[in-house]
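Accompanying notes for the structure given below.
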Number of protein chains: 2
Amino acid sequence: MIQRPRGTRDFGPEEMEKRRCLEAIMRREAAVFGFREIATPIFEYTELFTIRSGPNIIEEIYAFQDKGGREIALRPELTAPAMRFYVNELSNSAKPLKMFYFGQCFRYERPQSGRFREFFQFGAELISNPGPESDAEVIALAASIMRRIGLKNYNIRVGHIGVLRNMLAEAGVDSEVAPLILQKLDKKEYDEARQRMRDADMEEEQIERVVDITNTVGPIDVLDKIEGDARDHLLGIFKILEAYGVTDIEVDLGVVRGLDYYTGMVFEIDAPVLGAEKQICGGGSYSLTEMFGGEKTFSTGFGIGFDRTLLALEKEGFEGPAHSMDVYVLPVGDACRQEAHRIAAELRLAGVRTDIDLMGRSLAKSMKYANAINAQRVVIVGEKELAQGAVTVRDMNAGEQRLVKREELLAKLGHY
Amino acid sequence: MIQRPRGTRDFGPEEMEKRRCLEAIMRREAAVFGFREIATPIFEYTELFTIRSGPNIIEEIYAFQDKGGREIALRPELTAPAMRFYVNELSNSAKPLKMFYFGQCFRYERPQSGRFREFFQFGAELISNPGPESDAEVIALAASIMRRIGLKNYNIRVGHIGVLRNMLAEAGVDSEVAPLILQKLDKKEYDEARQRMRDADMEEEQIERVVDITNTVGPIDVLDKIEGDARDHLLGIFKILEAYGVTDIEVDLGVVRGLDYYTGMVFEIDAPVLGAEKQICGGGSYSLTEMFGGEKTFSTGFGIGFDRTLLALEKEGFEGPAHSMDVYVLPVGDACRQEAHRIAAELRLAGVRTDIDLMGRSLAKSMKYANAINAQRVVIVGEKELAQGAVTVRDMNAGEQRLVKREELLAKLGHY
């Protein structure tokens, strides 16, 4: 047997119905918020991702040379491609520009529970002006998606990258050293973070205040601990979110989100049911367009880990829609086959999901198959009934059957 | 600026709405026929495609080594992955097994009009028994899709790989030489085909009869030219298709479909509006499972070139759905902003597609933006009206506006 590559998945019909159901809810909610779908290629020039994330990213992605010697890579995320597309072709669009996308991403890492080499991301990006309205809009969309998909238990934590950055700057930390400290704080590796702050000549009191802020999580009141633009911006966002009815959120001043290109608000959503790997959404405002040769613009957005979100829903009992067929058409003997095909064609033309025996099976075996595909009705086409201009319709749930005139069949089966 | 890789495309909101509309029709029709969706990874072990298509395929695909030294390739088509999935995990499913898929495929070739390095394919595969019912079912689905998407001008040509293969076998042509002759006949390169037949010691009369059959296209009567199992099978298929109401089809005994793994019925659909590169669908019955380590099974299916099909529709005038927003909410001044957000949240919760000013724009500029996004209604939230417990609703198509009580707004806008 030829296996599929490690860390990838095949999805059978049941799994696909569940996934399409979840995708449709996310897609619909983005449209309700006025976001519109875009799509970009599965691979990009590798440069796009090294500019965004640094050269080390190459170790973690599927990067290779094409036959023309060009360095290309399977996309590890979708924000950089969306911004490349914006810079190349969409920069003259009316603002705000509200975009969403859904698709595969790839990373080369050891496969583990809930983490795959091919995974799916749903995301939204908003290009607008830097007021709290823009940030509140994307947080509200992410929160509404969580509500619509029916996830029972999740936490939304909102912070601001400026709080810790400003504290480090005010303490005299060099702008090249600060990211190294923030990395450690992001991973909650406080001993290493403290050491790096000491190496940057920060005073013990300043250091402990930074660690304290990093651990500051709670309702909006915790913003009293800080002051300045970041505080005002977060207060503005929370005021709008309150009007939006999004009240199940916390301030978390320790959200750092690793990467350097975040510029202001940052937020994360996690699903505790997932345990250690619980983050299902991350986002914030960022600045990438100028790195890709465009003008600097304000952008804010998020990415939802589709697979992990589905896993969280499943752990909470989500099963997806039950599969069924509307009608199964069953010819009794070859003489009725032609008429059975005619009936199937009529029903299908009317949009009724209709299956028909293709295997020349006996009545008993066909009924078994109709059960296996969860057919709601079986239309039995027999010679005796056809001679009377009728067919037998069996309701598989009620277990009842009755004779229906051939010319009334479509009307009877078309709407139930 | 960082460009996207050559031969790939970005899709903006208008294009995506058109594509999703077409995809939804195909997807819906497959479901109406009782087919269910599956999905496989973007890349596979390269071996999967060389087993199916021979080692030369590597020159035409994106094949590379991953970091672990494994040979992997971006999938150039979706039948081999679907059959690999079947062999690995689905072989115990109830038969018939009816599957469809939609997704990106990749080939490394010089990009040209309507041909891309990243392209999209919609396809269906049916695993069943080898009666004419199975073949008729997949042809009927392909034909129904063409009808549903509204393509005005297309030709469906059905043939049988056995006709020419049998003629060559009866003329004593070696089974290893026959494919080389069939390749030339497939490309309508008759001089080379004749030469190869002469090299295989065929008589002139036999050769001209093969060329004549290759050019045999027409209504079902042309089957009188041949005899044997292939003829009976095609007659059986045409009889079922007639009952299915699929009558816009021709016999074409010259459909060879290049690849060796086809076993019986073969068919093609083309859209003459596309000119030289007019084929939009190809299919037939084939045998792949035993090459992938499974049991030999009868399978039949087709692939539709999604991009070319869309191009054909566009050349015939298809424009896709017009984009619109249901409601645009416009606060007049900052004092009304909080209430405007509340209104937007209410409407969105009710599933009304609602946009709201994020840029603090003036009334005039906001109306211009509402026009740009084709908003059907604008809800103007002003202080004076709010004091009366009301807002102004402007119908953008009629150009009329009226005062609506705040508590009646949702009922008024929720269903129009």
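Structure values in brief
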{"quantity": "Unmet requirement for residue B:392, which otherwise passes all of (1) more than 13 Å from chain A (Cβ to nearest Cβ); (2) touching a residue at least 40 places away in the same chain (Cβ under 8 Å); (3) more than 16 Å from residue A:243 (Cα to Cα)", "calculated": "(2)"}
{"quantity": "Which numbered condition residue B:92 misses (of (1) on the phi > 0 side of the Ramachandran plot; (2) more than 9 Å from every other protein chain (Cβ to nearest Cβ))", "calculated": "(1)"}
{"quantity": "Every pair of residues 6+ apart whose Cβ atoms lie under 9 Å, when the first sits in the range A:286-313 and is without any contact (Cβ under 8 Å) to a residue 12 or more places away in the chain while the second is surrounded by fewer than 18 Cβ atoms within 10 Å (Cβ to Cβ) and part of a helix (DSSP H, G or I)", "calculated": "A:296/A:290"}
{"quantity": "Test result for residue A:20, touching a Leu at 6+ places or on another chain (Cβ under 7 Å), outside any strand (DSSP E or B) and at the interface with chain B (Cβ under 10 Å from one of its Cβ atoms)", "calculated": "no"}
{"quantity": "Test: residue A:191 is in the same structural domain as residue A:164 (by TED's automatic domain parsing), surrounded by fewer than 18 Cβ atoms within 10 Å (Cβ to Cβ) and in contact (Cβ under 8 Å) with a residue 24 or more places away in the chain", "calculated": "no"}
{"quantity": "Odd one out for residue B:79, checked against (1) more than 11 Å from chain A (Cβ to nearest Cβ); (2) surrounded by fewer than 18 Cβ atoms within 10 Å (Cβ to Cβ); (3) of a type in the set (S, T, N, Q)", "calculated": "(2)"}
{"quantity": "Selected residue (criterion: surrounded by the fewest Cβ atoms within 10 Å (Cβ to Cβ)) from residues of the range B:336-365 that are farther than 14 Å from residue A:243 by Cα and of a type in the set (Lys, Arg)", "calculated": "B:365"}
{"quantity": "Matching residues, the range B:133-166, being in contact (Cβ under 8 Å) with a residue 40 or more places away in the chain, more than 19 Å from residue B:311 (Cα to Cα) and either of a type in the set (D, E, K, R) or touching a Cys at 6+ places or on another chain (Cβ under 9 Å) (or both)", "calculated": "B:133, B:135, B:137, B:157"}
{"quantity": "Single unsatisfied condition, residue B:157 versus (1) at pLDDT below 95; (2) more than 14 Å from chain A (Cβ to nearest Cβ)", "calculated": "(1)"}
{"quantity": "Residues located in the range A:45-67, provided they are within 7 Å of chain B (Cβ to nearest Cβ) and of a type in the set (A, V, I, L, M)", "calculated": "A:48"}
{"quantity": "Near pairs, Cβ below 9 angstrom, 6+ apart or cross-chain, from the range A:365-382 (within 16 Å of residue A:343 (Cβ to Cβ) and away from chain B (no Cβ under 11 Å)) to any residue that is in a strand (DSSP E or B) and basic (Lys, Arg)", "calculated": "A:377/A:394; A:378/A:394; A:379/A:394; A:380/A:394"}
{"quantity": "Hey, residue B:204 without any contact (Cβ under 8 Å) to a residue 12 or more places away in the chain and within 14 Å of chain A (Cβ to nearest Cβ) or not", "calculated": "no"}
{"quantity": "Test: residue in the range A:114-136 that is hydroxyl-bearing (Ser, Thr, Tyr) and part of a strand (DSSP E or B)", "calculated": "yes"}
{"quantity": "Matching residues, the range A:217-232, being surrounded by fewer than 19 Cβ atoms within 10 Å (Cβ to Cβ) and part of a helix (DSSP H, G or I)", "calculated": "A:220, A:221, A:222, A:224, A:225, A:229, A:231, A:232"}
{"quantity": "Sole residue being under 20 Å from the mean Cα position of the chain (by Cα), over 25 Å from residue B:56 (Cα atoms) and not acidic (Asp, Glu), chosen from B:246, B:251, B:266", "calculated": "B:246"}
{"quantity": "Scope the range B:144-153; condition in a helix (DSSP H, G or I), more than 8 Å from chain A (Cβ to nearest Cβ) and touching a helix residue (DSSP H, G or I) at 6+ places or on another chain (Cβ under 8 Å); matching residues", "calculated": "B:145, B:148, B:149"}
{"quantity": "Failed condition for residue B:38, given (1) farther than 30 Å from residue B:233 by Cα; (2) crowded, with 18+ Cβ neighbours inside 10 Å; (3) in contact with a Phe, Trp or Tyr (Cβ under 6 Å, 6 or more places away or on another chain); (4) at the interface with chain A (Cβ under 10 Å from one of its Cβ atoms)", "calculated": "(1)"}
{"quantity": "All positions within the range B:233-248 that are of a type in the set (A, V, I, L, M), out of contact with any His (no Cβ under 8 Å at 6 or more places or on another chain) and surrounded by fewer than 21 Cβ atoms within 10 Å (Cβ to Cβ)", "calculated": "B:235"}
{"quantity": "Single unsatisfied condition, residue A:348 versus (1) within 13 Å of chain B (Cβ to nearest Cβ); (2) in contact (Cβ under 8 Å) with a residue 24 or more places away in the chain; (3) in contact with a strand residue (DSSP E or B) (Cβ under 6 Å, 6 or more places away or on another chain)", "calculated": "(2)"}
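The values are calculated or read from the model by the stated rules, or taken from the named source; none is laboratory data. Please read these numbers as outputs of a predicted model, since none were measured by experiment. Note: ideal-geometry Cβ built from the backbone for every residue, glycine included; neighbour counts use all protein chains shown.
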